[in-house]
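Visitor: I'd like to ask some things about the structure below.
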Amino acid sequence: MRRISSILLLSLILVLGVTVAASAHFQMILPSDDVVMQGEEREIDLDLVFTHPMAGHTMDMEKPAKFGVLHKGTKKSLVDTLEPSKIKGRDAFETSYRLRGFGDFVFYVEPEPYWESADGVYITQCTKMVVNSMGVASDWGKEVGMKAEIVPLTRPYGLWTNNVFTGVVKKNGKPVPYAEIEVEYFNEGKFSKLAGNEVTELPNETFTTQVIKADKNGVFTYAMPKSGWWGFAALMEGEPVNGKSHEIGAVMWVKTHDMK
Ligand SMILES: [Cu+2]
């Protein structure tokens with residue numbers, strides 16, 4: 001009996017330990033291009049995937065409640081254009097979008113709540129990513145109006161490696177003082193098997209997810225140490241779903257490029 005209890009305790013410690021060390025969840029909108037200039041392909045591909053971006057793990061995604069684009073102050077739903085796809089064996093969605101005209105195209109998604117059985121919590125991550133056309137700025141600083149949203153204070157494209165990214169965490173349109181933000185690198189090599197851009201060695205598990213806090217005005221800053229996509233996920237308490245706790249996230253993705 002005593003032996004069984006200690007095995008149970010050990011398993012519990014192991015399970016909790018793994019949970020603490022596990023990488024964080026990030027809803028992602030991944031485009032085939034982030035800035036489209038003269039002469040470049042104007043039809044971009046977009047992948048929606050729910051992932052642990054550094055570890056290279058994916059989870060099944062349901063068809064999102066909302067998915068669309070904000071351009072020149074007008075929102076357009078693109079939910080009907082989504083096609084099911086698989087990324088690393090899990091359900092994801094894909095579409096393509098033709099950029100018409102100049103300016104910023106703010107893509108946003110509000111997924112259906114995801115049940116994370118390991119933590120006994122529903123997760124909904126309202127996510128944004130901006131594609132620019134022809135280098136003309138327009139909408140990147142505007143709010144989509146999602147229930148949780150990161151509003152960038154840094155223009156979210158044309159970023160060098162080591163730039164800082166600064167934004168405001170908002171919930172129901174209001175800044176969230178001292179919001180906690182998880183930051184992860186999209187470890188591309190783990191997804192596409194492309195050589196070169198895979199992070200293979202972490203000093204220890206704490207490096208998988210960086211953790212920062214916003215200040216009293218809900219403003220956060222993070223310097224991105226490597227070229228590629230960086231995800232920012234501000235995690236907050238949402239309204240319960242089916243009587244279970246519900247973590248609501250405001251997520252934004254930006255890409256950095258090396259100076260050559
Ligand atoms: Cu997960």
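The values are calculated or read from the model by the stated rules, or taken from the named source; none is laboratory data. Predicted, not measured: the structure shown is a model, and the values here were computed from it. Positions of Cβ are generated from backbone atoms using ideal geometry, with glycine treated the same way; all protein chains shown enter the neighbour counts. Remember, those area values only see protein heavy atoms, side chains included, never the ligands or the DNA or RNA. Shrake-Rupley method; radii C 1.70, N 1.55, O 1.52, S 1.80 Å.
Visitor: On the basis of being open to solvent by less than 20 Å² (accessible area, probe 1.4 Å) and within 16 Å of the ligand (Cβ to nearest atom), does P53 make the cut?
Guide: yes
Visitor: Quick test of your reading of the structure: P111 fulfils all but one of (1) surrounded by fewer than 19 Cβ atoms within 10 Å (Cβ to Cβ); (2) under 19 Å from E247 (Cα atoms). Name the failing condition by number.
Guide: Just one mismatch for P111, condition (1).
Visitor: On the basis of being closer than 20 Å to V254 by Cα, at pLDDT 95 or above and open to solvent by 100 Å² or more (accessible area, probe 1.4 Å), does F102 make the cut?
Guide: For F102, the condition - closer than 20 Å to V254 by Cα, at pLDDT 95 or above and open to solvent by 100 Å² or more (accessible area, probe 1.4 Å) - is met.
Visitor: Let me ask something else. Of (1) basic (K, R); (2) part of a loop (DSSP other than H, G, I, E, B); (3) farther than 29 Å from S227 by Cβ, K142 satisfies all except one. Which?
Guide: The failed condition is (3).
Visitor: G89 versus (1) in contact (Cβ under 8 Å) with a residue 40 or more places away in the chain; (2) under 28 Å from V241 (Cβ atoms); (3) of a type in the set (G, A, S): which is the lone unmet condition?
Guide: (1)
Visitor: Give me a count of the residues in the range 160-194 that are touching a His at 6+ places or on another chain (Cβ under 9 Å) and surrounded by fewer than 19 Cβ atoms within 10 Å (Cβ to Cβ).
Guide: Adding up the residues that qualify gives 2.
Visitor: Right, next: Name the residues in the range 56-68 that are near the ligand (Cβ under 9 Å from one of its atoms) and aliphatic (A, V, I, L, M), would you?
Guide: M59
Visitor: So, one more: Among the residues of the range 74-89, are any under 16 Å from the mean Cα position of the chain (by Cα) and open to solvent by 10 Å² or more (accessible area, probe 1.4 Å)?
Guide: Among the residues of the range 74-89, at least one is under 16 Å from the mean Cα position of the chain (by Cα) and open to solvent by 10 Å² or more (accessible area, probe 1.4 Å), which makes the answer yes.
Visitor: Exactly one condition in (1) in contact with a strand residue (DSSP E or B) (Cβ under 8 Å, 6 or more places away or on another chain); (2) touching a residue at least 60 places away in the same chain (Cβ under 8 Å); (3) over 30 Å from E143 (Cα atoms) is false for K190; which is it?
Guide: Against the list (1) in contact with a strand residue (DSSP E or B) (Cβ under 8 Å, 6 or more places away or on another chain); (2) touching a residue at least 60 places away in the same chain (Cβ under 8 Å); (3) over 30 Å from E143 (Cα atoms), K190 comes up short only on (1).
Visitor: Any residue at all in the range 9-29 that is away from the ligand (no atom under 16 Å from the Cβ), of a type in the set (A, V, I, L, M, F, W, C) and at pLDDT 95 or above?
Guide: yes
Visitor: Output the number of residues of the range 122-148 satisfying the condition of being within 16 Å of the ligand (Cβ to nearest atom) and either open to solvent by 20 Å² or more (accessible area, probe 1.4 Å) or of a type outside the set (V, I, T) (or both).
Guide: Residues that pass the stated criteria total 2.
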